[in-house]
Amino acid sequence: MDSKMGWIGKLLNGGDEKGKPAPATAAAPEATRQPATITEIDAMYYRWLAAAAAGSAQAPAETEQQILDELARLAREPIAGAALVPRIPAIIPQLMRTLQDENMSAAKLSTQLAQDVLLVAEVYREANRPCYQSRYNASPSISNMEGAIMLLGQNGMRMLLARVAFRPIVSMQSGGLTVRTAPLIWRQSEKCALAASLVAPTMHANAFDAYLAGLMANVGLVVAFRLIDQMHAPDVFPQSDAFIAQVFAQARILSVRIAELWEFPQSVTRAIGQAGVDADADADADPQAQALALGERLSKLRMLADSGRFPADDPFVTTGLGKSELLAFGKLADDDE
């Protein structure tokens, strides 16, 4: 076949090489794409959260600095920062201690849960979700608290209580910007917690601590958006790259300070503090910090993809992710939750 094609080629070119086009210069190999940095992801996520302030002009540098200075002050004075978010219900730490006991009693936990009618309702609602019913071939409706606890299991109860405890913290509303961003931040927090818990075992990290860190990591960001709401003028909006990077850095510090104030485990507060710029790419980073950093990356990219900013299989999303990370990313899709 090759000889025939060669003969035809010579015939079409006049029987010699004179009419043959000069070989094209080999194209330079395309540079290997590097994974998006968390700074790039944060900038895109911030502007999407705020909807770029509906096309507002860039705020003056002085306004941005005033917001950053106030955020830094709250990080130095965490009691003042914590006052801007409601504290978790008093019953939650007691329940968490019970759930840390590998030999926990469903009867004891049921008694503790009975102190909070909202928690009781949440446990029943969760136990009666179709995913649990089909997974365990449970009866059509779980109406007994101990039965619901046994169905959800220790890990399921831990994650349920964590979600219930944190929901009012990041769902609080004040100004117009916070009204828009609060539900989105909460959804991303839930996705971050789930993603961090899913990847934690491969990093030899504690899955529940990673889950707690994922929910807690955004508390400082809630405070930051409240400040932005209060301090920016209606016709301008703080959105420079430098400002956004500093907002996320300062918000992370504030999250750590509030977590310490609320007496969270040191493993959780340390993970939040260390899960800074690209900790997911640092093989020497603390395993809990690695799990949280990867959870933050996956959850923010998932939110952006689900909002239509780019396809879920875009190289911006997938570059640098292994098979297990891609599986976790897939489980964060809205229709899978």
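Observations on the model:
- Residue within region 202-218 that is assigned to a helix (DSSP H, G or I) and under 17 Å from residue 41 (Cβ atoms) present: yes
- Restricted to region 74-90, and to residues there that are among the hydrophobic types (A, V, I, L, M, F, W, C) and at pLDDT 70 or above, the residue that is most open to solvent (accessible area, probe 1.4 Å) is 79.
- Evaluating residue 193 against the criteria (1) farther than 30 Å from residue 155 by Cβ; (2) within 16 Å of the chain's Cα centre (by Cα); (3) not charged (D, E, K, R) leaves one unmet condition, (1).
- Qualifying positions in region 219-238 - in a loop (DSSP other than H, G, I, E, B) and crowded, with 21+ Cβ neighbours inside 10 Å: 232, 238
- Taking every residue in region 315-333 that is over 14 Å from residue 201 (Cα atoms) and pairing it with any residue that is open to solvent by 40 Å² or more (accessible area, probe 1.4 Å) and not small (Gly, Ala, Ser), at least 6 positions away or on another chain, the pairs with Cβ-Cβ distances below 6 Å are 315/33; 319/33; 319/35; 320/35.
- Taken over region 190-218, the residue count meeting the criterion of being open to solvent by less than 10 Å² (accessible area, probe 1.4 Å), modelled with pLDDT of 90 or more and under 23 Å from residue 246 (Cβ atoms) is 3.
- Among the conditions (1) part of a loop (DSSP other than H, G, I, E, B); (2) of a type outside the set (Asp, Glu); (3) at pLDDT 75 or above, the only one that residue 174 does not satisfy is (3).
- Qualifying residue in region 292-307 (condition: outside any helix (DSSP H, G or I), more than 17 Å from residue 204 (Cα to Cα) and at pLDDT 90 or above): yes
- Only residues that are in contact (Cβ under 8 Å) with a residue 40 or more places away in the chain, open to solvent by less than 40 Å² (accessible area, probe 1.4 Å) and not aromatic (Phe, Trp, Tyr) were counted in region 244-261, giving 7.
- Tally, over region 107-142, of residues that are open to solvent by less than 60 Å² (accessible area, probe 1.4 Å), aromatic (Phe, Trp, Tyr) and modelled with pLDDT of 70 or more: 0
- Test: residue in region 274-289 that is hydrophobic (A, V, I, L, M, F, W, C), part of a helix (DSSP H, G or I) and at pLDDT 90 or above: yes
The values are calculated or read from the model by the stated rules, or taken from the named source; none is laboratory data. This is a predicted model, so every value here is computed, not measured. Using ideal geometry, Cβ is built from the backbone for each residue, glycine included, and neighbour counts are taken over all protein chains shown. Calculation scope for accessible area: heavy atoms of the full protein, side chains included, ligands and nucleic acids excluded. Shrake-Rupley method; radii C 1.70, N 1.55, O 1.52, S 1.80 Å.
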